[in-house]
1. Considering (1) over 15 Å from F177 (Cβ atoms); (2) buried (at least 19 other Cβ atoms within 10 Å of the Cβ); (3) acidic (D, E), say which one E228 fails and leave the rest.
2. I'd like the residue in the range 46-85 that is of a type in the set (A, V, I, L, M, F, W, C), over 24 Å from T229 (Cβ atoms) and within 16 Å of ligand 4 (Cβ to nearest atom) and, out of all such residues, is surrounded by the fewest Cβ atoms within 10 Å (Cβ to Cβ).
3. Does G90 satisfy the criteria of being at pLDDT below 95 and within 16 Å of ligand 1 (Cβ to nearest atom)?
4. For the range 167-217, how many residues meet the condition of being among the small types (G, A, S) and outside any helix (DSSP H, G or I)?
5. Condition test on Q220, is it over 22 Å from the mean Cα position of the chain (by Cα) and at pLDDT 95 or above?
6. Looking at R62, R95, R68, which is the one that is touching a Leu at 6+ places or on another chain (Cβ under 8 Å), of a type in the set (K, R) and closer than 22 Å to A262 by Cα?
7. Give me the residue from the range 231-261 that is open to solvent by 30 Å² or more (accessible area, probe 1.4 Å), in contact with a helix residue (DSSP H, G or I) (Cβ under 9 Å, 6 or more places away or on another chain) and hydrophobic (A, V, I, L, M, F, W, C) and, out of that set, farthest from F201 (Cα to Cα).
8. Here is a list: A167, A173. Which entry is within 13 Å of ligand 3 (Cβ to nearest atom), of a type in the set (G, A, S) and either open to solvent by less than 30 Å² (accessible area, probe 1.4 Å) or touching a Gly at 6+ places or on another chain (Cβ under 6 Å) (or both)?
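The values are calculated or read from the model by the stated rules, or taken from the named source; none is laboratory data. Quick caveat, the model's predicted, so the values are computed rather than measured. Quick reminder, even Gly has a Cβ in these numbers, built from the backbone with ideal geometry, and neighbours come from all protein chains shown. Ligands, DNA and RNA are stripped out before the accessible areas are found, and what is left, the full protein with its side chains, is counted by its heavy atoms. Shrake-Rupley method; radii C 1.70, N 1.55, O 1.52, S 1.80 Å.
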Amino acid sequence: AKEENRGSFRFFEAGMDARMQERRQLEAELRIAIEQGQFEVHYQPLLDTGTGRIASFEALVRWNHPLRGLVQPVEFIPIAEESNLIIPIGEWVLRQACRDARDWPEDVKVGVNLSPAQFKRGDLITVTLSALSNAELAPSRLELEITESVLLHDEAWVRSILERLSALGVGIAMDDFGTGYSSLSYLRTFPFDRIKIDRSFVADLVKAGDSLAIVQATIQLSQKLGMETTAEGVETQEQLAILAGEGCTHVQGFLIGHPVRAEEARQLVTPQAPR
Ligand code: C2E
Ligand code: CA
Ligand code: CA
Ligand code: CA
């Protein structure tokens with residue numbers, strides 16, 4: 001029995017080793033990717049349900065890996081966050097998004113996701129202001145998206161940063177609403193301009209009554225708090241019709257458009273592409 005146990009333990013160890021090695025490999029490759037600029041930003045449109053026009057684009061990072069091809073965030077953001085490499089990656093995304101947004105009409109905004117690690121350093125405000133001024137973009141054209149995990153980090157510190165950014169005119173959105181913890185008190189004490197309803201609620205909006213009730217309540221809540229509401233993951237006309245009927249101000253999802261490269265995004269909001 002002793003031998004068997006040892007055998008299975010070693011097998012388990014080998015499995016751990018392989019995962020650890022894979023992780024370390026990916027982290028090393030991420031460092032190279034940062035040095036060599038292997039990232040790109042894709043843009044997904046948010047539609048204004050009132051006007052039927054594109055109100056903004058969300059910046060979504062992709063890793064253009066020399067061998068693996070286009071790597072999606074789910075495969076590298078967690079490792080980038082654990083290793084703090086999300087700090088330089090996130091800063092690059094922010095700067096690139098501001099540069100790309102400069103080519104869009106002035107009423108089209110850009111949304112950029114921020115990770116908790118980007119708040120740990122003291123320079124988020126400086127970096128944001130520098131990204132805006134280098135791109136000659138008005139602060140009101142930028143909206144920063146944060147999840148509740150950011151607020152759990154160090155509430156007072158995060159609040160002071162968000163309040164300063166908000167005072168400068170930068171928009172603040174609560175991302176993936178409904179999936180985290182004690183969201184309601186955060187809505188009261190942080191300067192949010194927008195609630196983004198997580199796509200899990202939109203996914204079974206039509207079938208299940210519970211999701212519809214949650215979506216209705218969230219839209220009413222954000223209306224009463226003077227915020228806008230974006231529903232994420234809108235894939236069908238039926239979902240769009242329900243959301244628009246409930247007063248959801250913006251929708252985002254494959255029905256409206258998939259994330260596309262900067263040039264394609266520009267063409268979506270520029271009537272005549274210059275030749
Ligand atoms: P997110 O912020 O919730 O972004 C929306 C995700 O939903 C995107 O996945 C988008 O492609 C996907 N999506 C949009 N519409 C639909 C739809 O109709 N149906 C379905 N099933 N999915 C839809 P993506 O690009 O893979 O990004 C995944 C997550 O990675 C993002 O979730 C965000 O948390 C993170 N992420 C992406 N870019 C960045 C970044 O630059 N910085 C940070 N910190 N995180 C990022
Ligand atoms: Ca987001
Ligand atoms: Ca504000
Ligand atoms: Ca989201």
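1. Unmet condition: (1).
2. Looking at residues that are of a type in the set (A, V, I, L, M, F, W, C), over 24 Å from T229 (Cβ atoms) and within 16 Å of ligand 4 (Cβ to nearest atom), I get V74.
3. On the way: at pLDDT below 95: no; within 16 Å of ligand 1 (Cβ to nearest atom): yes.
Spelling it out, it is not the case that G90 is at pLDDT below 95 and within 16 Å of ligand 1 (Cβ to nearest atom).
4. Total meeting the criteria: 7.
5. On the way: over 22 Å from the mean Cα position of the chain (by Cα): yes; at pLDDT 95 or above: yes.
Against the criterion (over 22 Å from the mean Cα position of the chain (by Cα) and at pLDDT 95 or above), Q220 qualifies.
6. Details: R95 fails: touching a Leu at 6+ places or on another chain (Cβ under 8 Å); R68 fails: touching a Leu at 6+ places or on another chain (Cβ under 8 Å).
Matching residue, one of R62, R95, R68: R62.
7. Once the filter is applied, the top-ranked residue is I256.
8. Result: A173 is the single residue among A167, A173 that is within 13 Å of ligand 3 (Cβ to nearest atom), of a type in the set (G, A, S) and either open to solvent by less than 30 Å² (accessible area, probe 1.4 Å) or touching a Gly at 6+ places or on another chain (Cβ under 6 Å) (or both).
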